[in-house]
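Have a look at the structure below, then the notes.
The values are calculated or read from the model by the stated rules, or taken from the named source; none is laboratory data. Please read all numbers here as calculations on a predicted model, not as lab measurements. Because the Cβ atoms are built from the backbone with ideal geometry, glycine has one as well, and the counts that use them run over all protein chains shown. Remember, those area values only see protein heavy atoms, side chains included, never the ligands or the DNA or RNA. Shrake-Rupley method; radii C 1.70, N 1.55, O 1.52, S 1.80 Å.
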Amino acid sequence: MNQWNQQARKVLKGASQSNEFFNTQVFSDHKFPIKIPLEYAQLIDQNNPNDPLLKQVLPQTSDVNSAYVSSPLNDEQYSPVDGLIHKYPNRVLLITSQVCAIHCQYCFRKNFDYTQHDALSNWLAIEAYIEKQLAVNEVILSGGDPLSLSDEKLEQLIKKIENFQHITTLRIHSRSMVVIPSRITAKLSKILTKTRLKVVLVTHINHANELSAAFCKNIAKIENATLLNQSVLLKGVNDDLDTLTKLSLELFSAGILPYYLHMLDKVKGAEHYFVTDEKALKLHRQLQAKLSGYLVPKLVRDQGESAKTWLL
Ligand code: SF4
């Protein structure tokens, strides 16, 4: 078993293990199970109940709010074939894995039906669909986390995507890389270098404290990809100017450009992370005044309609 696989198995699962590790009683079990990789847990300050990394994995009971639903983006309605989401004209998204290295409590896909939507097991239908979509030039690997797949499976999938002559770009969205830095293997780097596709790797990082030395060292080994980051604006985690400024600067130091700052998707159980539009817009204006333009992520909201809404 390779190193990242071993690290992926070192996780805190459920309230009991989490309470024991953090020497606390704040964790309780909810429908969306607790899953915290040990490497990520070790970045959390055990003496700080407001640690911004802790807040992302700590389930909380929120007041019932009817605006928060099970599936806020209703992605399933844009799925002409199981395992594939086709929402924008030039790109399709593949659900490649139902597994995530970490369970983020704000996740908009926490109730997604992964058993029905598995791109790998429905590949023939997906292949037939993409072959006919000549306006599509980009395939996005999503999940779950596509880097939960082994390098071998990933390589096979990328080779299949290369066979579509009209596909020029491969985009991979992943949070695994930052929570289990050893997932950035030499083989992964080689796969991304070998492909004829232009590769865009989008990391999902919400706070500078997540940028461990191991992650920064390993991400620097990826040679053939445009590195972008998307964050979710989360109350109590990153909704202040200093935190967002530091995040942008440290991402840039790691060779990653801030790309999107997403407004929270209103999924049940995430009510306590909500930041108002007014506050988000103010923060964004302040970031623009403080940072070079290329360090200011686009502030966006996914409406669950055919296009993202740009808040600015
Ligand atoms: S890694 Fe992404 S898909 Fe997985 S739980 Fe976190 S936010 Fe959701």
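Surface analysis of segment 65-310 yields an accessible area of 42 Å² per residue, using protein heavy atoms and a 1.4 Å probe. Distance from the C-alpha centroid of segment 126-181 to that of segment 65-87: 19 Å, rounded to the whole angstrom. Only aspartates and glutamates eight or more places from Lys153 in sequence, or on another chain, were considered; those with a Cα closer than 18 Å are Asp118, Glu127, Asp145, Glu162. The length gained by stretching the chain between His166 and Glu278 to full extension, at 0.36 nm per residue less their Cα-Cα distance, is 36.1 nm. Extension gain, Val69 to Asn90: 0.36 nm times the residue separation minus the Cα-Cα distance gives 4.7 nm. Across segment 67-73, computed HN-Hα scalar couplings (Karplus, 6.51 cos²θ - 1.76 cosθ + 1.60, θ = phi - 60°) run 6, 9, 10, 5, 9, x, 9 Hz from first to last residue, x flagging Gly and Pro. Coupling constants for segment 51-59 follow from the phi torsions by the Karplus curve (6.51 cos²θ - 1.76 cosθ + 1.60, θ = phi - 60°), and in residue order they are 3, x, 7, 4, 4, 6, 10, 8, x Hz; glycine and proline get x. Evaluated at q = 0.07, 0.14 Å⁻¹, a Debye calculation over the C-alpha positions of the chain (equal weights, vacuum) places log10 I(q)/I(0) at -0.26, -1.16. What does the C-alpha gyration tensor say about the overall shape of segment 40-86? Classify as rounded when a/c is under 1.5, otherwise prolate if a/b is larger than b/c, or oblate. It is oblate, given that a/c is not under 1.5 and a/b is not larger than b/c. In plain terms, the bigger the Kirkwood radius, the slower the diffusion; for segment 192-312, with that radius from Cα pairs, at 37 °C and 0.692 mPa s, Stokes-Einstein puts D at 216 µm²/s.
With helices as the sole contributors, the chain gives -8000 deg cm²/dmol at 222 nm; each DSSP H run of n ≥ 4 counts as -39500 (n - 2.57), and the sum is divided by every residue. Is segment 18-109 rounded, prolate or oblate when judged by the Cα gyration tensor, a ≥ b ≥ c being the square roots of its eigenvalues, rounded requiring a/c under 1.5 and prolate requiring a/b larger than b/c? Verdict is prolate for segment 18-109.
Between Gln42, Gln230, Gln60, the GNM of the chain built on Cα springs shorter than 10 angstrom shows Gln42 fluctuating the most. Normalised by the number of residues in the chain, the average gap of Cα pairs under 8 Å and 6 or more apart makes the relative contact order 17 percent. By accessible area, using a 1.4 Å probe on protein heavy atoms only, the chain has 50% of its surface on carbon and sulfur. Pairs with C-alpha atoms separated by more than 24 Å, drawn from the list Lys10/Lys217; Lys194/Lys217; Lys55/Lys279; Lys13/Lys190; Lys132/Lys194; Lys35/Lys298, are Lys13/Lys190; Lys132/Lys194; Lys35/Lys298. Across segment 247-255, rounded Karplus estimates of 3J(HN,Hα) from the backbone phi angles (6.51 cos²θ - 1.76 cosθ + 1.60, θ = phi - 60°) give 4, 4, 5, 6, 4, 4, 4, 8, x Hz, Gly and Pro being marked x. How would segment 242-290 be classified by its alpha-carbon gyration tensor: rounded, prolate or oblate, with rounded meaning a/c under 1.5 and the a/b versus b/c comparison settling the rest? In terms of gyration-tensor shape, oblate.
Label separation (Asp45 vs Thr24): 1.3 nm, computed from points 7 Å beyond Cα along the C-beta direction. When Rg and the Kirkwood radius Rh are both evaluated on Cα atoms of segment 56-191, their ratio Rg/Rh stands at 0.99.
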